[in-house]
Amino acid sequence: MTKGLGRFEFYLIQLDDLLLKASRTDNPALFLYQNDGRTKVFMLEGLAKLYAGMHNEKKFLKIKERFKQIEDLIGSVDYYDNFAKDFLADAEMPSTIRIFLEGKRDEKLAELNASLLKRKWINHDPPRTKKIRSKLKSMDWVNTEKEIGLIKKFYEKSITGINDFYEEIGHAFTNLEEQVHEIRRKLRWLSIYAQALQGAIQLKDSKLKDEAVEKYLIPDIVNSPFNKMPLQVNNPTSLQLEKNYFLVLSNIIAALGSLKDRGLRVHAAQEAIIATQFVSEEIALQRALELNKMSADGLKDILQKAKEICDAFFDENNLEKLIAS
């Protein structure tokens, strides 16, 4: 088995186990959500996305879409469920908002259950994963040394794409989802690939002196298990990323995620208010901001803070320093 195929198999085995157990429950979608099914499909989606940029593009993109369909639906369940729980703990938040969000969560669970059956992930012989394995075996896999070179080129291209995206939006954020969330998503993939590749990427501590880096190296980031790469197994060749700049990347992803969640909390409340109080988007937004104890410019403040964080990150050329020389 080639290294590339083995990386997919590592997560496919875990996903198969979850899908089998899920199929034996009354609510397979809920089981997947509660047992970290999203991480498994996220890693598989990431691998397919990365390999599509290296070889067999059309085949890998089709596989990526299969995993993305599940990941998106589990993500929607996660969105409504987390805010419903968050609002439950907020005594000042009207119960109608929480009840609405719980209803939306259940709708997404039903949608995921239907998709699992329709797309033949469960209760079908052969299951979707068997067909995916068959397609993976037909790929034009390359040797380890060439593969590491392709991974490096993919990272370089991804970094260029992220920089270009930031230039396109003019260093200014006006939309939480399309800009803040999108640039965080692009940055986060660089971190996900590193984990999904099962040791093909390692962190190199070159002891580089860069004063600009120090402010990012907070304990939560430095000690996070997500910033420790999987051990290499019989794989002497790897792509080396500079440890400190990988930690900087992790810090930015976390900071933008925190801002995104604050903004989405307002949007979730706004959606619920529109549906339950039958008011305009403008009035619902005003009420949602008040319930979240934010000023009328609360969302603008979030966007401005995201701009300040990204301006510093990109001005320091942290991405360009990520790949070790």
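The values are calculated or read from the model by the stated rules, or taken from the named source; none is laboratory data. Since the model is a prediction, treat every value here as computed from it, not as a measurement. No Cβ is skipped: glycine too gets one built from the backbone with ideal geometry, and neighbour counts run over all protein chains shown. The protein model used for the area step is the full one, side chains on, heavy atoms only, and it has no ligands, DNA or RNA in it. Shrake-Rupley method; radii C 1.70, N 1.55, O 1.52, S 1.80 Å.
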The stretch 231-325: trypsin sites (Lys or Arg not before Pro) in DSSP coil with no more than 11 other Cβ atoms inside 10 Å: 293
How much length would be gained if the chain were fully extended between residue 278 and residue 178, taking 0.36 nm per residue of separation minus their Cα-Cα distance, in nm to one decimal? 33.4 nm
Could you do me a favour and compute the accessible area per residue for the stretch 128-269, 1.4 Å probe, result in Å²? 51
Projected area averaged over orientations for the stretch 1-85, convex hull of C-alpha atoms, nm²: 6.1
Over 21 Å (Cα to Cα) - which of 49/207; 49/204; 186/307 fall in this group: 49/207; 49/204
Which of the GluC sites (Glu not before Pro) found in the stretch 89-136 are loop residues per DSSP with 10 or fewer other Cβ atoms within 10 Å of their Cβ? 92
Please report the relative contact order for the stretch 1-158, taking Cα pairs under 8 Å with a sequence separation of at least 6, and give it as a percent rounded to a whole number. 26
For residue 243, counting only aspartates and glutamates whose alpha-carbon sits under 20 Å away and dropping same-chain residues fewer than eight positions off, the answer is 156, 205, 210, 211, 214, 220, 315, 316, 320
If one computes the Cα centroid of the stretch 11-90 and of the stretch 101-127, what distance in Å separates the two points? 11
Estimated Rh, the chain: Kirkwood, alpha-carbon pairs, angstrom: 21.6
With a 1.4 Å probe and all protein chains left in place, how much of the accessible area of the chain comes from carbon and sulfur atoms, in whole percent? 51
Before anything else, pin down the relative contact order of the chain: Cα pairs under 8 Å, at least 6 apart, normalised by residue count, whole percent. 18
May I ask for the distance between the Cα centers of the stretch 245-308 and the stretch 152-193, given as a whole number of Å? 20
Heavy-atom accessible area order for 78, 125, 315, 17, largest first, 1.4 Å probe: 125, 315, 17, 78
Simple SL model, points at 7 angstrom along Cα→Cβ for residue 26 and residue 5; separation in nm is 4.3
Cα convex hull of the stretch 132-207, projected area averaged across orientations, nm²: 7.7
Once the in-chain neighbours fewer than 8 apart are removed, the aspartates and glutamates whose Cα is under 16 Å from residue 108 read 26, 71, 72, 78, 81, 271
Quick one: accessible surface of residue 242, probe radius 1.4 Å, all protein chains present, in square angstrom to the nearest 10. 10
Express in Å², to the nearest 10, the accessible area of residue 276 obtained by rolling a 1.4 Å probe over the protein heavy atoms while all chains stay in place. 50
For the stretch 244-325, compute the orientation-averaged projected area of the C-alpha convex hull (one quarter of its surface), in nm². 6.2
Sticking with the crude label model, points 7 Å out along Cα→Cβ, report the distance from residue 57 to residue 209 in nm, one decimal please. 4.5
Compute, for the chain, the length of the dipole vector about the Cα centre, with Cβ point charges of +1 (Lys, Arg) and -1 (Asp, Glu) only. Units Debye, rounded to 20. 1700
